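Input: a single structure, listed below in structure tokens.
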Amino acid sequence: MRMSGAEILIGLLERQDVRMVAGIPGGANLPIYDALGSNGRIRHVLVRHEQAAGFIAQGAARVTGKPAVALATSGPAATNLLTAVADAMLDSVPIVCITGQVPRALIGTDAFQEIDICGMSIPATKHNFLVRSAGELLEVLPRAFHIAASGRPGPVLVDVPRDVQTEEVSFDSWPEPAWPAQPPAFDVTDVERAAELVNAAKRPLLCVGGGVIQSGASRVVVELAQKAGAPLVTTLMALGAVDRDHPLNLGMPGMHGWSSANIAIEECDLFVAIGARFDDRVTGKLDEFCPSAKVLHVDIDASEINKVRCAHAGVAADAAAFVKALLAHIEAGRRPGWLRHVALLKARHGLATPGIEDPRKPYGLIAHVASVAGVDAIITTDVGRHQMWVAQSYPFKKPRAWLTSGGLGTMGFGLPAAIGAALAQPGRPVVCFSGDGSLLMNIQELATAVEEDLNVKIILMNNNSLGLVRQQQSLFYGGRIFQSDFRHKVDFCLVAEGFGMRRIDLETAGDPASALKEVFADEHPWLVHAPISAEEMVYPMVPPGAANSSMIGGEGDVWANL
Amino acid sequence: MSGQIFETAGDCRGERAILEITVRNHPGVMSHVCGLFTRRAFNVEGILCMPVGDGTTSRIWLLVDEDERLVQLEKQLAKLEDVMSVSRHGANHEVFVRLEEFFRA
């Protein structure tokens, strides 16, 4: 066979079963676009800013678990993409980003739209490649997919100079499509050691992290909790891994977590972290995190074990495989006292949701949306107070239906991630909870959502401020609100109209609940404008850098009475 | 990557260790290794790198502080796609000792 680099690249994507890519064409990737257009079997979604292409790929990858692809040209396009790449790195999302680069002879000459994106993306990718010949693509592209999906997933960037795209090369056969590597093997002694710790514990607690979703370990983790008589907490990345209403689920731990989760962490004598990485937003002040507990840490990434908290036992393994093996060694049906205690804890110190009946209040709006969106809905958020309200209170039932920017905390994530999810799973409604600050950071993607006519419902909780910043200024900076309130008020309904998107304003709707029902009965994209008072706080809250026991607001006062 | 030797300024506090890293030899691999240390806020006192055998691999020698984070750094290094092996030697390993005469003030 004789083909150009661009044709090889598109052929390899097709063989890798990629059916959709998002991106923007430009000078240094036009040969790729030409080959993509001629191929005709891969759907291209034209975004309005390259960062959104990265987040669309993320949205697709997060709901399917398979690597998804974003395309961008060189220079500013590649740097625009970088935030979404970094976001994928922090949340372990498998994406493959293919950037155009200036021709090989011009590399290093400060050519037009030249930037060393490989150099820039080193800390933000699992790995990256600068492709030096068309023939090299046959090896590099399958490897990129292999790396993105293997072990702890993550982003891979492939930088392809324009003259590599046009270079013609002969080759005998296509390489095999890439598959993820086998997870690391673990020893039966690791299982026995872990089982000893669990069986010896009086008050064990499971911390379910994003790795549980990555490895499809939900079912076995719930089995473990039930068999061992161990309650569990689900981190921000793991929401949906366990039914929120499961009696053993004490909710989300950490800075804006449920009191019941944080109290149980304080009280447990064994903390079993499964695919969780002791993020500072979960632990608060590290020295005072689960102070009386031994730690058992299971993570597919060996470098996570002992990174911030020393484990009494740590094993680098796939969560599902390890927990399954562990189950056989667990003594069943013990600890009725501990279970009674945590049931009481959950009943007394679960999440307080003031205003849950009122669709014009944060928790009430979320509850009403949940009731009309249905159990199949995929939920995305941006970053801020709305994100924490949804994380705290949305009735998550299933894994891979909750998409949020956890590690990097990227405002602007929600809308393009929702578009990506809707493209990947067209049969399901997608809800994007956003705030006015966040939505403005990728507002241009309203055009993409309308153009693709996707079933995306944007719930815009508008307080005309940078709410979570405002809250920190209110609580920790003497109430000095500075540069977190917007002086100009954007008319988002008019903005939506300008983009050709259907919209409704809950402020003027006579009956917000029935208005929401009508919106969700329709399969086109909608913007739902929901004004929220800037005074609405998200509680509880652990002050940044403080111990979780210094949680304030909500049910936080319970700490004093423990 | 041709053979290059450079040293970062540093005083002589504490215990030192030497890491021996075998990597795939192609452009950019030094950036990946050095960038890792910068990113994890870990100081590198000296670097030595040369191709090995037919040049498909290179060996990087790093002179580093031996503190409790070194194990973590070794694990992070091992995760890099182009790193084939990582091993640790004591500070008395002679690879850097012999170079001292080239670095007299």
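Placing A:Leu506, A:Leu236 in order of accessible area, with the largest value first and a 1.4 Å probe, yields A:Leu236, A:Leu506. Would you mind checking the stretch A:295-328 for residues with the amide N under 18 Å from a putative spin-label position 7 Å along Cα→C-beta of B:Val71? Flagged as within label range: A:295-317. Hey, could you get me the Stokes-Einstein D for the stretch A:362-531, Kirkwood radius over alpha-carbon pairs, 10 °C and 1.306 mPa s, rounded to whole µm² s⁻¹? Calculated translational D: 99 µm²/s.
The mean sequence distance of close C-alpha pairs (under 8 Å, at least 6 residues apart), as a share of the length of chain A, puts its relative contact order at 14 percent. Only DSSP H runs of four or more residues enter the estimate; each adds -39500 (n - 2.57), and after division by the residues of chain A the mean residue ellipticity at 222 nm equals -10500 deg cm²/dmol. Loop-located GluC sites (Glu not before Pro) in the stretch A:1-71 (DSSP state other than H, G, I, E, B) with a sparse environment of at most 11 neighbouring Cβ atoms within 10 Å are absent. P(r) tail for the protein assembly as shown: Cα pairs beyond 40 Å make up 34% of the total. For chain A, the carbon plus sulfur part of the accessible surface works out to 53%, probe radius 1.4 Å. Converting the Cα gyration tensor eigenvalues of the stretch A:2-170 into ellipsoid dimensions via √(5λ) gives semi-axes, longest first, of 21, 18, 15 Å.
A cut-off under 11 angstrom between Cβ atoms defines the neighbours of A:Ile10, and their net charge, with Lys, Arg +1 and Asp, Glu -1, is -1. Accessible area ranking (1.4 Å probe, heavy atoms, ligands and nucleic acids excluded), largest first, for A:Tyr394, A:Tyr33: A:Tyr33, A:Tyr394. The calculated Kirkwood hydrodynamic radius for the stretch B:4-103 is 13.8 Å, given to one decimal from all distinct C-alpha pairs. Accessible area per residue for the stretch A:362-531 is 36 Å², calculated with a 1.4 Å probe on protein heavy atoms, without ligands, DNA or RNA. The alpha-carbon of A:Lys227 sits under 22 angstrom from the alpha-carbons of these lysines, leaving out residues fewer than 8 places away in its chain: A:Lys202, A:Lys294, A:Lys324, A:Lys346, A:Lys397, A:Lys398.
Note: relative contact order over the stretch A:371-498, using C-alpha pairs below 8 Å and six or more positions apart, is 24 percent.
Could you tell me which residue out of A:Gly553, A:Ala515, A:Asn463 lies farthest along the dipole of the stretch A:429-562 toward its positive end? Charges go on the beta carbon: Lys and Arg +1, Asp and Glu -1, centred on the Cα centre. The residue sitting farthest along the positive end of the dipole is A:Gly553.
Can you give the local net charge around A:Asp318? Use residues other than it whose beta-carbon is closer than 12 angstrom to its beta-carbon, Lys and Arg +1, Asp and Glu -1. My count for the surroundings of A:Asp318 gives 0. The charge dipole of the stretch A:297-449, taken about its Cα centre with unit charges on the Cβ of Lys, Arg, Asp and Glu (plus for the first two, minus for the last two), comes to roughly 660 debye.
Listed by chain and number, the lysines whose alpha-carbon sits under 19 Å from that of A:Lys457, ignoring those within fewer than 8 places in the same chain, are A:Lys361, A:Lys517.
The values are calculated or read from the model by the stated rules, or taken from the named source; none is laboratory data. A quick note: this is a predicted structure, and the numbers were derived from the prediction, not measured. Don't worry about glycine lacking a Cβ; one is built from the backbone with ideal geometry, like all the others, and counts go over all protein chains shown. To get the accessible areas, we keep the full protein, side chains included, count just its heavy atoms, and leave off ligands, DNA and RNA. Shrake-Rupley method; radii C 1.70, N 1.55, O 1.52, S 1.80 Å.
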